[in-house]
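The values are calculated or read from the model by the stated rules, or taken from the named source; none is laboratory data. Everything numeric in this text was worked out from a predicted model, so none of it was measured. Reconstructed Cβ throughout: ideal geometry from the backbone, glycine too, with neighbour counts over all protein chains shown. Remember, those area values only see protein heavy atoms, side chains included, never the ligands or the DNA or RNA. Shrake-Rupley method; radii C 1.70, N 1.55, O 1.52, S 1.80 Å.
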Amino acid sequence: MIARGTVALSYVLFVLVGLGAGVNGVVLLPQLHDYDVDRTLFGLVFVAGSAGFVAAGAVTGPFVHRWGCRAALLLGVATYVLGGLYIATRPPFAAFVLVQLLAGFGTGLLESILNAYVAALPEATGRLNRLHAFFGAGALLGPLLATWMLRFTTWPIVFLALAGVAVPLGLAVAALFPGRAADPAVAVSEAHTGRRLLGPALRSRVVLLGSLLLTVYVGLEIGVGNWAYSYLVEARSVTATAAGATISLYWLGLTLGRFVLGSAATRAGLTAAGLMYGCLAGITVAAALTWALPGTVPLAAGFALLGFFLGPVFPTAMVVVPPLAGPGLAPTAIGVMNAGSVVGGAALPWLAGAVTQGYGAWTLMPFALVLAFAQLAVWWPVAAGSPLTTRPRQEELRSA
């Protein structure tokens with residue numbers, strides 16, 4: 001009974017994390033206008049948030065091992081709330097950048113600890129799959145929420161609302177999650193204490209390629225999610241309401257892709273490599289069409305398709321690459337790949353902002369197309385040098 005309650009609460013907390021990701025793209029343009037800074041300078045916001053996220057990932061294992069998930073999650077919720085409350089005061093720009101360290105740390109703790117907890121439960125593959133699908137649900141609702149709120153209030157109040165939602169969820173964590181002695185994630189962490197596997201993982205060619213793939217992938221996903229609203233309004237003359245709805249369609253496509261494409265690949269008898277190649281080709285075509293097609297409706301369809309094909313890439317890479325690293329290296333490989341994804345989520349959206357600042361908002365989709373081709377280039381040697389030509393197990397594709 002406790003496990004069911006904590007899993008359901010984990011899903012709700014991931015909706016909150018997704019909401020935060022979804023609102024960022026809509027509030028970004030009002031933030032730029034409010035602070036009157038260029039996009040290159042504003043990129044420091046992404047860097048600071050990602051630095052906080054990386055720091056959270058580095059301490060997740062020790063925190064879980066020492067305190068258990070309940071106490072660590074409460075710290076994550078408290079940090080998230082404090083960051084949101086301070087942002088809601090509309091601090092000076094320098095302080096706004098610095099508080100992203102706090103906000104990113106809180107978000108990173110929530111994501112990392114919830115992944116560790118759910119992974120330690122029975123039927124972890126299906127539960128982890130649903131956990132990340134609920135992130136997509138939150139990211140889908142975020143642009144709609146932010147667009148609606150900005151009709152009658154200012155952008156700092158959006159963060160006040162998110163902090164307010166987090167408070168009762170923190171109380172639920174305190175009530176439902178087990179203490180350290182009964183925490184399944186603590187048992188897993190104790191079983192792996194003392195293993196030094198980071199060096200071999202960092203020397204593994206397939207792990208480094210997988211990490212590079214996720215660096216490019218997350219940079220593309222977040223870069224489009226953050227800057228597409230500005231692209232639609234400034235470069236394509238789409239109304240604010242239609243732009244917000246289009247970003248929601250993008251996140252909806254991402255969520256549906258994770259639910260639909262894995263099962264479709266299983267029925268079609270595709271290998272894991274075939275599924276990945278199909279998704280990467282779909283991303284490339286969708287990015288090109290979204291750049292070229294005129295009109296609000298084709299643009300919305302293009303962004304929905306882009307999200308649809310992006311959806312399975314991250315989980316498919318996590319299913320396929322770590323086991324190829326060698327015996328015992330899979331957990332460490334996942335950590336290395338996650339680190340690569342965080343780097344991409346910071347550096348490439350910043351670069352997208354710098355490019356659009358220097359050359360105009362229209363450059364977003366050509367930039368995305370370059371990243372789409374880069375994904376194909378990185379994936380090719382992974383697929384060519386690994387046993388991915390056999391038909392995938394049902395469980396592998398479901399987890400994608």
Legend entry - Every residue from the stretch 220-244 that is within 16 Å of Gly18 (Cα to Cα) and among the small types (Gly, Ala, Ser): Gly223, Gly225, Gly244
Legend entry - Sole residue being modelled with pLDDT under 90, more than 20 Å from Ala235 (Cα to Cα) and under 22 Å from the mean Cα position of the chain (by Cα), chosen from Gly385, Gly353, Gly345: Gly345
Inset, instruction - Output yes when any residue across the stretch 184-205 is over 18 Å from Leu141 (Cα atoms), modelled with pLDDT of 75 or more and open to solvent by less than 10 Å² (accessible area, probe 1.4 Å), and no when none is. - result: no
Legend entry - The one condition in (1) touching a residue at least 40 places away in the same chain (Cβ under 8 Å); (2) open to solvent by 30 Å² or more (accessible area, probe 1.4 Å); (3) of a type in the set (A, V, I, L, M, F, W, C) that Val118 fails to fulfil: (2)
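From the set of residues in the stretch 227-256 that are of a type in the set (S, T, N, Q) and open to solvent by 10 Å² or more (accessible area, probe 1.4 Å), which is nearest to the chain's Cα centre (by Cα)?
In this case the residue turns out to be Thr255.
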Inset, instruction - Working only within the stretch 216-226, note down all residues that are of a type in the set (A, V, I, L, M, F, W, C) and open to solvent by less than 10 Å² (accessible area, probe 1.4 Å). - result: Leu220, Val224
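If I ask for residues that are among the aromatic types (Phe, Trp, Tyr) and at pLDDT 90 or above, which ones from the stretch 217-246 would you list? Lay out the reasoning, then the answer.
Just the residues of the stretch 217-246 that are among the aromatic types (Phe, Trp, Tyr), to begin with: 217, 227, 229, 231.
Hit for the stretch 217-246 is Tyr217, nothing else.
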Inset, instruction - Scan the stretch 44-59 and give yes if some residue there is over 26 Å from Gly340 (Cα atoms) and over 15 Å from the mean Cα position of the chain (by Cα), otherwise no. - result: no
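State yes or no: is Leu254 assigned to a helix (DSSP H, G or I) and touching a Gly at 6+ places or on another chain (Cβ under 6 Å)?
In short, yes.
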Legend entry - Test: Leu270 is in contact (Cβ under 8 Å) with a residue 40 or more places away in the chain, open to solvent by less than 40 Å² (accessible area, probe 1.4 Å), of a type outside the set (D, E, K, R) and on the phi < 0 side of the Ramachandran plot: no
Inset, instruction - Please go through the stretch 287-313 and pick out each residue that is among the small types (Gly, Ala, Ser), farther than 18 Å from Ser237 by Cβ and buried (at least 21 other Cβ atoms within 10 Å of the Cβ). - result: Ala287, Ala304, Gly307, Gly311
Inset, instruction - Evaluate the following for Leu128: is it open to solvent by 30 Å² or more (accessible area, probe 1.4 Å) and at pLDDT below 90? - result: yes
